[in-house]
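For reference, the structure is listed below as structure tokens.
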Amino acid sequence: MANLSVNLCGVPFKNPVIAASGTFGFGREFNELYDIGTIGGVSTKGLTLEPRLGNPVPRIAESRGVILNAVGLQNPGVKHFIERDLEWLKSTGTRVIANVAGKTLDDYKNICETLDGLVDMIELNISCPNVKSGGMAFGIKPQSVEEVTRVAKSGLQKTPLIVKLSPNVESIAANAQAAENGGADCVSLINTLTGMAIDIERRKPIIANNTGGVSGAGVKPVAVRMVYEASQAVKIPVIGMGGITCAEDAIEFLMAGATAVQVGTASFTDPYAMPKIIDGLNAWCDKHGIANVTELTGVLQLNGR
Amino acid sequence: MMKDYLATIVKNERIAENIHSVTFALDEACKVRCGQFGNISLGGSHLLRRPIAVCKVDGREVTFCYQIKGEGTQKLKTLAAGTKVNVLMPLGNGFFIEEKEKKVALVGGGVGVFPLISVLREYGASKEISAYIGYRNAGAVCGVDEFEKARKFVGVTDDGSYGDKMNAVQAFEADLKKGNRPDVVLACGPTPMLRALKALVERENLTCFVSLEERMGCGIGACLVCVCDLTGGAKARVCKDGPVFNASDVSL
């Protein structure tokens with residue numbers, strides 16, 4: 001049995017597999033299928049200060065090898081989460097990462113202050129592509145990434161801050177550096193790629209929001225490349241995600257420079273995807289004589305030219 | 001209890017125009033309430049499962065009927081007997097008829113008729129059931145052998161090629177006017193049909209439950225993809241809070 005534990009900004013995780021925000025709710029539903037205390041962490045459904053109703057339906061579509069979604073940050077609000085779900089989620093033994101979004105800089109600061117000290121980590125969603133004021137505006141330019149990170153960080157005394165980066169940008173390396181400069185303790189990437197799928201009979205986009213965030217197996221090579229570029233650009237730890245379906249996929253991200261990974265869409269295809277990835281990581285490490293999974297982070301060697 | 005069953009296809013065949021029926025043998029027996037559904041894995045490049053209502057359960061064998069609509073159901077249609085797939089089930093709340101409700105009306109249209117067959121199979125012996133079922137045309141007629149087991153069966157079509165030329169709600173309303181008043185109405189079908197039915201039951205002051213359909217993500221209530229509007233302005237999850245709702249609670 002390999003040692004799968006990792007440490008992110010002083011927070012110990014029993015393994016590097018974390019549920020990606022928006023695919024796992026607050027964990028209660030998946031806990032009906034397996035003990036979610038066995039997975040490293042849960043990044044919650046994106047939280048805002050006030051409850052949000054989200055976008056009209058349909059909110060999802062499938063395209064070969066990927067899905068598109070535009071849920072639009074439907075959530076019961078951060079107070080409801082703290083009162084109804086937080087203690088339960090902590091009691092499962094998994095690490096709790098609160099994913100947060102806002103419309104204004106003040107929103108980001110306020111929600112961080114509200115959650116400071118209550119959760120293990122906070123993940124700043126500055127890259128939701130599905131709401132006009134879902135933070136995407138903050139996530140594009142390096143200057144605004146740095147600014148929103150600095151403002152959010154000013155609301156935090158105790159809890160480490162992850163900044164979740166959008167792939168829909170000019171330079172992922174520049175944006176990762178901007179987050180680091182703004183005081184981020186960690187970056188996670190990639191959020192979804194903005195896409196569109198058309199119902200040709202109706203001559204209309206399938207998703208009511210017209211565009212949606214693309215995720216799933218098909219985005220993995222893009223995500224691995226971006227995780228590599230980001231991890232080369234910063235000293236803070238990187239959480240990698242984008243199309244991870246099996247342990248071998250997770251290992252690619254670790255080798256590209258990630259300390260931990262998040263798994264999202266794969267849980268729709270197979271609700272047991274994360275427990276299987278954890279078992280697979282163990283088996284792969286044992287087979288390859290890896291005693292600690294941390295040995296894999298950043299071992300990638302580029303081909304010579 | 002919800003579980004990801006390993007299911008082997010026993011039979012997968014066309015039963016009407018654009019409608020197919022697939023029967024799976026599960027690795028163990030599954031207790032299903034009428035109106036619940038399964039989320040069927042298709043494999044390959046299909047990352048989303050397909051949520052389909054259970055039609056019949058017979059020991060370890062479970063039958064789902066589906067309309068060929070997109071790439072997913074096209075793929076499902078091609079899966080031969082012996083193929084193994086995963087089916088996450090039973091999902092959703094299902095239909096529940098209270099002890100005091102004796103006379104039950106089933107109102108169904110299109111592919112929505114199949115969950116009503118599961119109601120008939122569960123409650124056919126204990127309740128007095130009348131079924132009002134609408135099809136597009138004679139070629140689309142299916143499930144008649146099941147519906148004929150009801151106390152009363154009225155099958156109609158949009159073009160009059162089978163039964164009277166009317167829709168299921170009109171057939172139900174005609175019988176209502178003759179004094180055949182149920183204690184509860186259970187319905188499933190296209191949204192315009194459910195909307196017309198909701199207006200009718202509100203005028204007639206009848207209790208009515210409708211089963212809704214929506215594009216789903218996880219199928220278990222975690223992702224908030226398949227929501228519907230509640231009359232109070234809030235949202236509910238079709239997969240977890242439904243798919244069956246009191247018609248007075250939802251805005252259609």
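Read-outs throughout are calculated quantities, based only on the coordinates presented, and are distinct from any laboratory measurement. Not measured: the values here are computed from a predicted model. Cβ placement follows ideal geometry from the backbone for every residue including glycine, while neighbour counts extend to all protein chains displayed.
Side notes on the structure shown:
- Amide H contacts of A:THR194 (H built 1.01 Å from N, in plane; Pro and chain starts excluded): A:VAL214 sit under 5 Å, all sequence-distant by 5 or more or on other chains.
- Average beta carbon contacts from partner chains per residue of B:35-47, 10 Å cutoff: 3
- The protein assembly as shown, helix-only ellipticity at 222 nm - DSSP H runs n ≥ 4, -39,500 (n - 2.57), divided by all residues, nearest 500: -7500 deg cm²/dmol
- Within straight-line cross-link reach of B:LYS235, lysines at Cα separation under 19 Å, skipping those fewer than 8 residues along the same chain: A:LYS45, A:LYS79, B:LYS198
- When the P(r) of chain A is calculated, the portion above 28 Å amounts to 32% of the C-alpha pairs.
- 5 angstrom amide H check on A:ILE206, placed H, neighbours 5+ away: A:ALA197, A:ILE198, A:ASP199
- Residue pairs, from the table B:LYS127/B:LYS152; A:LYS14/A:LYS153; A:LYS158/A:LYS235; B:LYS102/B:LYS149, whose Cα atoms sit over 22 Å apart: A:LYS14/A:LYS153
- Trypsin sites (Lys or Arg not before Pro) within region B:21-70: DSSP coil, no more than 11 neighbouring Cβ in 10 Å: B:LYS31, B:LYS69
- Averaging the sequence gap over all C-alpha pairs within less than 8 Å and six or more residues apart, then dividing by the number of residues, gives region B:103-211 a relative contact order of 31 percent.
- Peptide A:62-68 - average C-beta neighbours from other chains (10 Å radius): 4
- Phi-derived couplings, Karplus 6.51 cos²θ - 1.76 cosθ + 1.60 at θ = phi - 60°, listed residue by residue for region B:182-193: x, 7, 8, 10, 10, 9, 7, x, x, 4, x, 5 Hz, with x used for Gly and Pro.
- Computed over region B:3-91, the ratio Rg/Rh where both radii use C-alpha atoms and Rh is Kirkwood: 0.92
- Among the chymotrypsin sites (Phe, Trp or Tyr not before Pro) in region B:60-135, those placed in a DSSP loop whose Cβ has at most 16 other Cβ atoms within 10 Å are B:PHE96.
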